[in-house]
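The values are calculated or read from the model by the stated rules, or taken from the named source; none is laboratory data. What you are looking at is a predicted structure, and each value in this text was computed from that prediction instead of being measured. No Cβ is skipped: glycine too gets one built from the backbone with ideal geometry, and neighbour counts run over all protein chains shown. With ligands, DNA and RNA removed, areas are computed over all heavy atoms of the protein, side chains included. Shrake-Rupley method; radii C 1.70, N 1.55, O 1.52, S 1.80 Å.
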Amino acid sequence: MNKVLLYCRPGFEKECAAEISAKAAEREVYGFPRVKDDSGYVLFECYQFEDAERLVRELPFDDLIFARQMLVVGELLRDLPQEDRITPIVGMLTGVVEKGGELRVEVPDTNEAKELTKFCRKFTVPLRSALRESKILLNYESPKRPVVHVFFIAPGTCYVGYSLPENSSSFYMGIPRLKFPSDAPSRSTLKLEEAFHVFIPADEWDERLASGMYAVDLGACPGGWTYQLVQRSMMVYAVDNGPMAPSLMETGQVMHERVDGFKFRPPRTNISWLVCDMVEKPVRVANLMTDWLVNGWCREAIFNLKLPMKKRYEEVTQNLAMIEERLSENGINAQIRARQLYHDREEVTVHIRRIWAAVGGRRDER
C-alpha cells in the first residue's frame, strides 16, 4: 500500500493536498496528490512503496490543519459484486494488517456519500466477523492496535487500509458527534465544544477547564461560546457591544463588557482562558491573540481565523508562522495547534497554550 488517504471538509481538497504535499516533502517523502473537487478526501500517492506507512508514522496527525483523518490505503476496489463484497476486501488486507483493534466502515462527508451510511452500518457486522475469522481483526476491540478502515466513495467502490491509533483521529469519519444544547444561544457553541474535544485530552479537562476559572470571550454576542464556559462553571467576561442571551446573564457568572474586543483589557491577572470568534481579518485576530499571550493576560486561547476565498492554506500558515515568531521573540514557550473543525465553515480554529516550566524552584510562565 503506497497511498495516504486524508478525509477533509468538502471544498477544501486543494488546501488539504497542498498541506500533505508540503509536510511530506519536509520528511523527504515524495509523491503527488490526487484531488477531486468537493469529494471530501485527498489521496497522496507515494513514489516509494514503503513511504506511505512511514509518512503516517512520522508525520504527527496533530500538525495537520485541513485533514480529519489519515490512513494508509491500497488501490481502489471497484465493482464489488453484490453477492460477495467481503472477499475482495479481506484479500486486500491479508498480509497487510494483522490483529487490528477496530473496524470502521466510513464514507466521505458529502450529501451523495451519506446515502451509503445505512448500507455501511449493516455491512460492518458481517465484514467484522469475516475479518476476525481471517485474523485481520482481534476478537475484541483494542485501542492499542491499528484501526481497519473501509472507505466507500460510491456503491461497490471503496478504499481499504488502516490508521495508527496513536497518530490519527479517534472519531468515526474524523468527526466528533456532538448534540446541540437546546438552551444554547447559537449553534456556534458547538465550535468551542468541538475545540475542547480536539485540543484538550479528556483526562486533563478537570484541571484545564476547571470550575471557578476566569475566562474572556471577545466578540461574545449572543453567547454561544460563553455558554460553553458557563457550563463548566467559569466566570466569564463577555466582551461585545451587542446583547447577550438573558439566560446567560441570569446565571450570575457573566460580566457583560460593552467594549470593542480590540480595545478591551482584562481587569484581573488570573485569566485562564481567552476565546474569540470575531468576524475580522485573520491577521488582525492573530495579532490580537498574540498580544494577549505576550502580555501574559491569559494562559490558553482558542480562536477562529476567517479564511479568504483564495490562498487559504497560505493565509493560515503565514498567520501561524507570525504568531510563533512573535512568541519566540518574547521568550514565550507555547504549544500551537490549528484544525479546521467539523463545525467550522470558511475558517480554522487555533489553540495556543503557554507552557509553564519550573525555573529556580518556582513556576515561571515564560
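Label points 7 Å out from Cα along the Cβ direction at residue 208 and residue 86: separation in nm?
Simple spin-label model gives 4.2 nm for this pair.
Rg (Å, one decimal) plus Dmax (Å, integer) for the alpha carbons of the chain?
22.3, 70
What fraction, in whole percent, of alpha-carbon pairs in the range 31-90 exceed 18 Å separation?
Every Cα pair in the range 31-90 considered, those over 18 Å come to 49 percent.
For the range 3-174, take the convex hull of the Cα atoms, compute a quarter of its surface area, and give me that in nm², please.
9.0 nm²
Summing Lys, Arg as +1 and Asp, Glu as -1, what charge do residues with Cβ under 12 Å from the Cβ of residue 244 carry, residue 244 excluded?
So the surrounding residues net to -3.
Can you give the FRET efficiency for residue 317 and residue 79, using 1/(1 + (r/R0)^6), R0 = 35 Å, r = Cβ-Cβ distance, to the nearest 0.05?
Here the calculated transfer efficiency is 0.30.
Would you tally the net charge around residue 63, using a Cβ to Cβ cut-off of less than 15 Å, leaving residue 63 out, and scoring K and R as +1, D and E as -1?
Counting the neighbours of residue 63, the net charge comes to -1.
Based on DSSP H runs of at least 4 residues, each adding -39500 (n - 2.57), what is the mean residue ellipticity at 222 nm of the chain after dividing by all its residues, to the nearest 500 deg cm²/dmol?
Per the formula, -8500 deg cm²/dmol.
Going through the cross-link list 36/99; 36/135; 14/191; 144/310; 114/281, which pairs have a Cα-Cα distance over 29 Å in this structure?
From 36/99; 36/135; 14/191; 144/310; 114/281, over 29 Å: 36/99; 36/135; 144/310; 114/281.
Give me the distance between the Cα centres of the range 142-184 and the range 99-114, rounded to whole Å.
After rounding, the separation between the Cα centres reads 6 Å.
At a Förster radius of 45 Å, what calculated FRET efficiency corresponds to the Cβ-Cβ distance of residue 182 and residue 47, to the nearest 0.05? Mind showing how you got there, number by number?
Working: r = 52 Å, r/R0 = 1.16.
Plugging the Cβ-Cβ distance into 1/(1 + (r/R0)^6) gives 0.30.
Taking Cα centroids, how far is the range 4-30 from the range 256-313 in Å?
Here the two parts' Cα centres lie 28 Å apart.
In the chain, what percent of the accessible surface is made up of carbon and sulfur (1.4 Å probe, ligands and nucleic acids excluded)?
On the chain, the fraction of accessible area on carbon and sulfur atoms equals 47 percent.
Could you sort 320, 43 by accessible area so the largest value comes first, with the probe set to 1.4 Å?
Largest to smallest exposure gives the sequence 320, 43.
Note down the relative contact order for the chain as a percent, whole number, built from C-alpha pairs under 8 angstrom at least six residues apart.
13 percent
Please work out whether the range 188-354 counts as rounded, prolate or oblate from its C-alpha gyration tensor, where a ≥ b ≥ c are the square roots of the eigenvalues and a/c under 1.5 means rounded, while otherwise a/b larger than b/c means prolate and anything else oblate?
Numbers: a/c = 1.43, a/b = 1.32, b/c = 1.08.
Rounded, because the longest to shortest axis ratio a/c is under 1.5.
Once the Cβ-Cβ distance between residue 284 and residue 112 is put in as r, and R0 is 51 Å, what FRET efficiency do you end up with, to the nearest 0.05? Don't skip to the end; give the middle numbers.
Working: r = 38 Å, r/R0 = 0.74.
Approximately 0.85, to the nearest 0.05.
Looking at the square roots a ≥ b ≥ c of the eigenvalues of the Cα gyration tensor of the range 108-168, which shape do they give, rounded for a/c under 1.5, prolate if a/b is larger than b/c, or oblate?
Taking the square roots of the gyration eigenvalues as a ≥ b ≥ c, the range 108-168 is oblate.
Are there cysteines in the chain with no second cysteine's Cβ under 4.7 Å away, and if so, which?
46, 120, 158, 221, 276, 298
Add +1 for every Lys or Arg and -1 for every Asp or Glu among the other residues with Cβ under 9 Å from the Cβ of residue 350, and state the total.
Once positives and negatives cancel, what remains is +2.
Counting only heavy atoms of protein chains, what accessible area per residue, in Å², does the chain have with a probe of 1.4 Å?
Ligands and nucleic acids excluded, the result is 47 Å² per residue.
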